Amino acid sequence: MEALAGFAPLDADRLIDRIFAQYLTPPPTLTVSEWADQYRMLSRKAAAEPGPYRTDRTPYLREPMDMLSPSAAPDEVVLMFAAQVGKSEAGNNFIAYTIDLDPGPVMIVQPTIDLAKRYSRQRIASMVSETPALRSKVRDNRSRNEANTTLMKDFDGGVLVLAGANSAAGLRSTPVKKLFLDEIDAYPLDVDGEGDPVALAEKRTDTFRARRKILKTSTPTIKGYSRIEQAFELGDRRHFWVACVHCREYQVLKLDAIRWQRNAEGGPVPGTTRYVCPHCAAEMQETDKPKLLASGEWRAERPTERIVSYHLSALYSPWLTWEEIAGVYYQANEAKKQGDISKLKTFINTVLAETWEEQGDRISEHELAKRAEPFERGTVPMGGLMLTAGCDVQGDRLEYRVWAWGQGEESWCVDRDVLYGSPSEQDVWQQLQTRLAGEWQHASGARLTLSAAAIDSGGHHTHEVYSFCRSNAWRKWVAVKGQAQAGKPVIGKPTDQDVNYKGVKLRHGIKLWPVGSDTAKAVIYGRLRVVDSGPGYVHLPSWLPPTEYEELTAERLATRYVKGRPKLEWLKAAGRRNEALDCYVYALAAAYMLGMQRFRPMDWQRLRASVQQRSLLEPASPPPAIADTAEPQAPKAAETPATAVQPYTPPRPHAPRAAPHERLRKGFVGRWRK
C-alpha cells in the first residue's frame, strides 16, 4: 500500500477496483461468435458493411466459429467455402478472440510473404484499430520495435506471427497454440525443399497438442489435387440444411434448382430468377433468403471427434444474389462453347465451392496393376538390351529404379529399392554405389551392368549428390535437375559446376544435366497407355508393391490460367507420393543422354550382338538366341501362381575399373619420362 500513499482513500479504492477488474477478474465464458457480436467492429477498409459485427447476417458461420472456442472438443476446423461468404472474417474473429480472451502464440499463414504483409496491413491492422477490446492490448506498429512489426505483433500474454507458405524459415519460427491456414490450395507443393508447408505449420502446434486449435480455409481447385478437399474428406463432412419457407422441408441449396426466364440470346431475364423447392415445387425469391439462412442447421455425414469440416456454396451468400449467380453461370457456359473453359472452372471453384474435374492425362493405377508380368526381380527379360537407373533424393532416404531398354524404346522395370538413411552421411551413398555398380542377370545368360545413371540434385543434399557423381563420373553417373517447363527437351546441355580458386568454371569438373521433366512425363504417360507389347510398351513386374503403381500415376496434366492465358502443368495429387515417376523420368533422361532417342535398327543390332557375346562367356548352359524382335508378352500375373515368383537376390558386384586418378597419374608419369 506504500505505492498508494499519495492517493486519497477514495482514489486508492477506485485504483484497487480497477486493478482487480483488469487483471484478477476471470475472463467471461463467451464463444467466438458471442464475442464477435459483443465486441467486434468492421472497418470500412476491409468490409462491405462496416460497423458492429452481426453473426445473424451469416448464421452459417456461428457453429464453425464456436468450434474454435477453447471449450469445444475438436482441435481442427476445415472450411471448404465459396468466395464472398465470410470465411476470412470467421478467421479474423478467431484471431481477435484469442488476443482478447485466450492469449497465447498465434500464427496466420498466407500463400506468400507478400500476401501475409498485405493481410497484416489491410485486415489485422484495421481490425485492431476499429475494435476497442483489441486496441489497448496490441502494441502500435513501429519499424524500430522488433517486438511489433508487420509480420509480428506482441499483445498481452501472447504474440501474433504472420508467415508465407513459400518460406520454410517463417513456418518453423516458433511454437504456436492457435493456427490459421488461409487459402491452403494456393500454397506451393514443396517449400524450400523441406516438404508440404501445411505439414510444416501444423508441426508448430505439437507443443500445445492438448489445447491447440487449427483453422483451415480455402476455395477448392482441382479434384484429387485440392488440399482443402482432402482436409474436408478427413473431417465429418457437414453441409448446411435450410427449411423451405413454404413446406418447411429441409434441403441443401443446389444450382440445378435455380430457374429463370430466357431472353432472345438464352440468358436470364432480369427479375425472373427463382429458387424452386424440389419437395413442393414452390418458388422462393431472393427476399426469402434471410428466412432460409435463419432456419439453417449443419448436418454431418459421419461423426468424428477431432476434425469438423464444412462445405458451403455461394448460393447461401447474403451479398451475391441468385440472379447474379445465374448470369455468371450462363456466361461461363457460353465461353465453354467457344472453347474457353476458364470461366466455368472459376465458377465451379469460387461459386459452387466444388473441385474442378480435369479432363487432362489420367491413368488408373488399377489398370496398370492388372497387366503386371511375372518376371523375376533383378532379371532382365530377353528384349532388354541396355540398363539405366534413376535415383530420387529425399531428406531421409534414397530411392532408385533400374530400367531395361529395348528396340523401339520398349522398357522393363527390373529393380527398385529404398535406402533409408540421411543423405548427409556416407553410409547410404556407399549402399547406393554398391547396388548400382552390380550386375543384373539377362534372360540369355549374360550379365549386364548399368550404362548410365541419373541422380536428382534439384532438391535435397545437392552437395552430396555432386560429390557422389564426381567420384563416379567415369561410370556415366550424372547429376540432374528437373525443369518443370513445357517445351524443354528430355535431356539438355550440361553446365559446369566446379570452379577453381579464381572462380572460373572447370571444364572437366562436375556437370549438371537439365531434365525437361514435363516433356519426360508426357512421354511416359503416353507409353503407359500402350496396351500391346512392342515398341514403347512399359513392362511392369508382378513383384512391385501396390504403392509403385500409385506413385507412377500420382500426377496429372492440368490447365492453369495465368493472366487469362491457359498454361499446362503437371500437378501431384494431394497426399500421394511420386518417387517412382521421378525415378522413371531420370532413368529415361539417362538413356537419352546416351543417345537412345537417335538409335537406328543397326544400333540396336550391335547391342543385341554385344549381349549375345557376353552370354557366350558365361559358364552357364548355352543361352537361347536373341531374336531381332522382343519375345511375346508373358502371361498375366493372375495366370501364374504366386509361388512362381522367386526370392530376390541383389545384383552381383563386378570387378571395378582402376580409379580415374590412378589412370591419369600413370599417363602423366609416362609422358614426363619421355
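The values are calculated or read from the model by the stated rules, or taken from the named source; none is laboratory data. Quick caveat: nothing in here was measured; it's all calculated off a predicted structure. Note: ideal-geometry Cβ built from the backbone for every residue, glycine included; neighbour counts use all protein chains shown. In case anyone asks, the SASA skips ligands and DNA or RNA and just uses the protein heavy atoms, side chains included. Shrake-Rupley method; radii C 1.70, N 1.55, O 1.52, S 1.80 Å.
Listing for the model above:
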item	result
Identity of the residue in the stretch 251-273, touching a residue at least 40 places away in the same chain (Cβ under 8 Å) and assigned to a strand (DSSP E or B), that ends up surrounded by the most Cβ atoms within 10 Å (Cβ to Cβ)	Pro268
In the stretch 277-297, residue farthest from Ala73 (Cα to Cα) [restricted to those that are within 39 Å of the chain's Cα centre (by Cα) and buried (at least 18 other Cβ atoms within 10 Å of the Cβ)]	Lys289
Failed item, numbered, when His461 is tested on (1) over 29 Å from Leu617 (Cβ atoms); (2) surrounded by fewer than 18 Cβ atoms within 10 Å (Cβ to Cβ)	(2)
Helices (runs of 4 or more DSSP H) wholly inside the stretch 299-415 containing at least 3 residues that are within 30 Å of Gln261 (Cα to Cα) and in contact with a Pro (Cβ under 7 Å, 6 or more places away or on another chain)	322-337
Unique match (being of a type in the set (Ser, Thr, Tyr), surrounded by 15 or more Cβ atoms within 10 Å (Cβ to Cβ), more than 30 Å from Asp518 (Cβ to Cβ) and without any contact (Cβ under 8 Å) to a residue 12 or more places away in the chain) among Ser444, Ser471	Ser471
Selection from the stretch 586-611 of residues that are part of a helix (DSSP H, G or I) and either modelled with pLDDT under 85 or surrounded by fewer than 17 Cβ atoms within 10 Å (Cβ to Cβ) (or both)	Gln597, Arg598, Pro601, Met602, Asp603, Gln605, Arg606, Ala609, Ser610
Those helices (runs of 4 or more DSSP H) lying entirely in the stretch 69-145 with at least 3 residues over 27 Å from Leu189 (Cα atoms) and open to solvent by less than 10 Å² (accessible area, probe 1.4 Å)	87-101
Contacts under 9 angstrom Cβ, first residue in the stretch 495-513 being part of a loop (DSSP other than H, G, I, E, B), partner at pLDDT below 80 and open to solvent by 100 Å² or more (accessible area, probe 1.4 Å), 6 or more apart	Asp498/His508
Arg57 vs. criteria closer than 30 Å to Gln84 by Cβ, open to solvent by 20 Å² or more (accessible area, probe 1.4 Å) and modelled with pLDDT of 90 or more	yes
Number of the condition not met by Glu233 [criteria: (1) among the charged types (D, E, K, R); (2) more than 15 Å from the chain's Cα centre (by Cα); (3) in a loop (DSSP other than H, G, I, E, B)]	(3)
Count of the stretch 189-208 residues which are touching a residue at least 40 places away in the same chain (Cβ under 8 Å) and either surrounded by fewer than 19 Cβ atoms within 10 Å (Cβ to Cβ) or in a strand (DSSP E or B) (or both)	6
Positions within the stretch 146-188 being among the β-branched types (Val, Ile, Thr) and crowded, with 19+ Cβ neighbours inside 10 Å, in sequence order	Val161, Val176, Ile184
Pick from the stretch 512-554, criterion touching a helix residue (DSSP H, G or I) at 6+ places or on another chain (Cβ under 6 Å) and hydroxyl-bearing (Ser, Thr, Tyr), ranking: surrounded by the most Cβ atoms within 10 Å (Cβ to Cβ)	Ser517
Residue within the stretch 493-502 that is in contact with a helix residue (DSSP H, G or I) (Cβ under 7 Å, 6 or more places away or on another chain), surrounded by 20 or more Cβ atoms within 10 Å (Cβ to Cβ), at pLDDT 85 or above and not charged (D, E, K, R) present	no
Flag for Phe232 being crowded, with 18+ Cβ neighbours inside 10 Å and over 28 Å from Glu555 (Cα atoms)	no
Test set (1) modelled with pLDDT under 90; (2) open to solvent by less than 30 Å² (accessible area, probe 1.4 Å); (3) out of contact with any Leu (no Cβ under 9 Å at 6 or more places or on another chain) - Asn349 fails condition number	(1)
The stretch 316-345 - residue that is farther than 21 Å from Gly235 by Cβ and touching a Phe, Trp or Tyr at 6+ places or on another chain (Cβ under 8 Å) and, of those, modelled with the lowest pLDDT	Ser342
